[in-house]
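Read through the structure below, which is laid out as structure tokens, and then see the notes.
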Amino acid sequence: MQIVLARLDDGAELVKAGRVDIGERGTFRAIKVPVAVMWVNNGTEADRSKAERFAKTEGYTVLCYNGEEAPLCRARMDIVRLGQ
């Protein structure tokens with residue numbers, strides 16, 4: 001079982017570039033950035049419970065996959081879909 005921790009972090013996206021030479025600031029908007037980290041690539045239920053304890057304190061969601069080719073990419077897509 002592949003155990004991945006994922007969450008949405010705050011980020012910013014440039015909407016309009018500023019002109020620094022005349023003191024005009026750029027315009028940004030707030031966005032959510034998906035972040036995923038691998039807890040263990042071949043884990044057990046004991047590893048899953050450890051990951052859940054850690055995730056609870058750090059604001060992550062635990063996602064588990066079996067035989068996923070790209071678990072981090074899938075976790076980022078899943079956490080955006082879940083909106084957590």
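The values are calculated or read from the model by the stated rules, or taken from the named source; none is laboratory data. Since we're looking at a predicted model, the values are computed, not measured. Please note: Cβ atoms are built from the backbone with ideal geometry, for glycine as well, and neighbour counts cover all protein chains shown.
Return the residue satisfying two criteria in turn: it lies in segment 17-56 and is part of a strand (DSSP E or B) and over 20 Å from the mean Cα position of the chain (by Cα), and of such residues it is surrounded by the most Cβ atoms within 10 Å (Cβ to Cβ). That would be Phe28. So, in segment 1-40, how many residues would count as being of a type outside the set (A, V, I, L, M) and touching a helix residue (DSSP H, G or I) at 6+ places or on another chain (Cβ under 6 Å)? Total meeting the criteria: 3.
Within segment 14-33, residues that are in contact (Cβ under 8 Å) with a residue 24 or more places away in the chain have Cβ atoms under 8 Å from residues that are assigned to a strand (DSSP E or B) and among the aliphatic types (A, V, I, L, M) in these pairs: Lys32/Leu8; Val33/Leu8, counting only partners at least 6 apart in sequence or on another chain. Given the structure, is Val4 in contact with a Pro (Cβ under 7 Å, 6 or more places away or on another chain) and of a type outside the set (S, T, N, Q)? Taking the combined requirement at face value, the residue satisfies it. Quick one: in segment 1-39, which of the residues that are among the hydrophobic types (A, V, I, L, M, F, W, C) and in contact with a Ser or Thr (Cβ under 6 Å, 6 or more places away or on another chain) is nearest to Gly59 (Cα to Cα)? Taking the candidates together, the pick is Ala6.
Only residues that are of a type outside the set (Ser, Thr, Tyr), surrounded by 12 or more Cβ atoms within 10 Å (Cβ to Cβ) and more than 14 Å from the chain's Cα centre (by Cα) were counted in segment 65-84, giving 1.
Hey, can you tell me all the residues within segment 63-83 that are assigned to a strand (DSSP E or B) and farther than 22 Å from Gly11 by Cβ? Show your work before the answer.
Taking segment 63-83 as the starting set, the residues that turn out to be assigned to a strand (DSSP E or B) are 63-65.
Result: Cys64, Tyr65.
Residues that are touching a Phe, Trp or Tyr at 6+ places or on another chain (Cβ under 6 Å) and surrounded by 13 or more Cβ atoms within 10 Å (Cβ to Cβ) within segment 2-16 comprise Gln2, Ile3, Leu5, Arg7, listed in sequence order.
Looking only at segment 11-47, filter to residues that are of a type in the set (Lys, Arg) and either out of contact with any strand residue (DSSP E or B) (no Cβ under 6 Å at 6 or more places or on another chain) or modelled with pLDDT under 90 (or both); which one of those is nearest to Val80 (Cα to Cα)?
Going residue by residue through segment 11-47, those that are of a type in the set (Lys, Arg) are 16, 19, 25, 29, 32.
Of the ones still in play, those that are also either out of contact with any strand residue (DSSP E or B) (no Cβ under 6 Å at 6 or more places or on another chain) or modelled with pLDDT under 90 (or both) are 19, 25.
Values: Arg19: 33, Arg25: 30 Å.
Taking the candidates together, the pick is Arg25.
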